Amino acid sequence: MGAVPPFRGGPRGGRVSILGRVSGPAPASSPEAHVPVEHPGAFRGLQRAVRLTFLLTGAVLLVDATVVEPNWILVGRSIEHVPALPPRSRDLVVAHLSDLHVARLGFREKRAITLLREARPDIILISGDLVRGPASVPALENFLRGLRAPYGVYVVWGNHDHADGIADEEGARAVRRAGAVLLNNASVRIGDPARRMHVAGVDDPVSGNDNLRQAMRGVPRRDVCLLLAHTPAIARDIGNWDIDLLFVGNTHAGQVRLPLLGALYLAWGTRGFAEGWFDAPGGARMHVSRGLGWSWLPVRFFCPPRIDLITLRGGPAPRRGAASVLGRT
């Protein structure tokens, strides 16, 4: 029997490792040829990138809702035709704002004063919820003192004013010291010889302090009447009165709005009247202010504060049922 020749190599094309195992290309039939190569590092990197994107997006939205939008005041402009006004009478510009919720004279409040001074309206109407907290009366007085209009600045109380305990004689004195007029179920005639126009105001309907009959006492039916109130809910009570225009607030336009969904929450009696112009009973027109401040949470999302400058023009409207919005700055 001959000697066994020494082992000199493996399969063709292979090589012998130092451990004596054969290495080389796997046969085509080997399962190892179909096993994909995994890269766990790349997958973890993708996860980190996704998490970072979500964190950055959330941070941007949080800053927008708590810092940017609450202080980014829009100015809306519209024309409203008033058939009771003479067709050739001079236009009257009304600045309407609501829900100030003033706690201090901060950036937003100072910005609002600046915008109103630049706009130079003929009359300023403020539809309630003036303060945020019982210690805010001095700040409210300073804010109102910065507002000026040829035919006056008029305010009414809102439900937060009553809840905070400032809708009393002390609060009324602060409003008067600032040069504004508190319409607490009362009315005044605007001192314009070319027009017979009254501004009436009711105390807060939400807390049940309104008295429309008392507010309208002394307003001749032939005169133009602007009614100032805190909530759109008052509209259901005005059908028997000759009221031409109704200016209200309370809604904050939802304060937090989502694309396609709109406002997540609207206050009692305001659903369907988030903001803008609406037809009201008795042929009146109602304007709902988006508001200047915030309540409950210091946020505004897709709903920045807004001041409306409304031009009242004599004569019938070209198209009834909607306001002709001219622009926004």
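The values are calculated or read from the model by the stated rules, or taken from the named source; none is laboratory data. Quantities reported herein were computed from a predicted structural model and do not represent experimental measurements. As a convention, Cβ positions derive from the backbone with ideal geometry for all residues, glycine included, and neighbour counts pool all protein chains shown.
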Checklist entry - Which of the residues that make up region 147-173 are touching a strand residue (DSSP E or B) at 6+ places or on another chain (Cβ under 9 Å), modelled with pLDDT under 95 and among the acidic types (Asp, Glu)? => result Asp164
Item to check | All positions within region 173-208 that are small (Gly, Ala, Ser) and either in contact with a His (Cβ under 8 Å, 6 or more places away or on another chain) or within 20 Å of Val248 (Cα to Cα) (or both) | outcome: Ala180, Ala186, Ser187, Ala200, Gly201, Ser207, Gly208
Checklist entry - From Arg88, Arg104, Arg173, which residue is part of a loop (DSSP other than H, G, I, E, B) and over 27 Å from Pro220 (Cα atoms)? => result Arg104
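Looking for something farther than 30 Å from Arg88 by Cα and modelled with pLDDT under 95 - is there at least one such residue anywhere in region 188-200? Break it down into steps so the answer makes sense when it comes.
Of the residues in region 188-200, the ones farther than 30 Å from Arg88 by Cα are none.
Scanning region 188-200, I find no residue that is farther than 30 Å from Arg88 by Cα and modelled with pLDDT under 95, so the answer is no.
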Checklist entry - Of the residues that make up region 137-156, is at least one in contact with a His (Cβ under 6 Å, 6 or more places away or on another chain) and over 22 Å from Asn250 (Cα atoms)? => result no
Checklist outcome for this item: Within region 217-267, of all residues that are in contact (Cβ under 8 Å) with a residue 24 or more places away in the chain and among the basic types (Lys, Arg), the one farthest from Pro86 (Cα to Cα) is Arg257
Next on the checklist: From the list Gly152, Gly158, exactly one residue is over 18 Å from Ile190 (Cβ atoms) and in the same structural domain as Leu309 (by TED's automatic domain parsing). Which is it?
Outcome noted: Gly158
